[in-house]
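For reference, the structure discussed in these notes is given below.
Just so it is clear, none of the values below were taken in a lab; they were calculated from the coordinates. Being a predicted model, the structure only gives us computed values, none of them experimental. Here Cβ is always computed from backbone atoms with ideal geometry, including for glycine, and neighbour counts include all displayed protein chains.
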Amino acid sequence: MSLTQPFTGTLYLPDKVVPTGTSPVVLADGQTVALVQYHFWTVRQRFGILDPAGNPVADGVARGMTGRTYEVTAPSGARVVELRLGFWRPIDGAVVTLASGRTVEVMKTSIWSDRRFEFAAGGRPFGRITPTTGVLTFHPDSYAFELSAPVMSALEAICLAQALRTAVRAMRQAASG
């Protein structure tokens, strides 16, 4: 499977595995298509996306004074995904710019949960992220990302899911302390 080709289907993104600092991204059949690498001791909420062999394919970081923009780039420096959080409604007002320059809207689908998202392009829904674990767990941010139309590549989807996961964690930390 090519990470850069348009993708339809479901990607499973388990929450981080602390001893290794990575977590796999798998298909429904269990095939690992990528790894998410966590950088634990960074101020700018950095993360990396690796191919199954462990080679870097993207790097993400929060940008700006308030960290409201998450930029994910390829090793060449080319943009993979940019997530700009909204001002009054950070997730509901978020806009995503894909590598092609196409924009995607993000909608939080529950006022009670910061773990459910839907995506639309040109007003047409094409994907959603839902949690695969309960709230009261050590891994609350394990997700399934379902894409019903080939709007983005698997790499863009993985980068977007990880940028959202990182943004939500940063908001939770800011609210708790």
Could you give me the residue pairs with C-beta distances under 6 Å whose first residue belongs to segment 91-105 and is within 15 Å of Ala163 (Cα to Cα) and in contact (Cβ under 8 Å) with a residue 40 or more places away in the chain, whose second residue is among the small types (Gly, Ala, Ser) and assigned to a strand (DSSP E or B) wherever it lies, and which are 6+ apart or on separate chains? Val104/Ala121
Every residue in segment 46-74 that is among the charged types (D, E, K, R) and not in a strand (DSSP E or B), please. Arg46, Asp51, Arg68
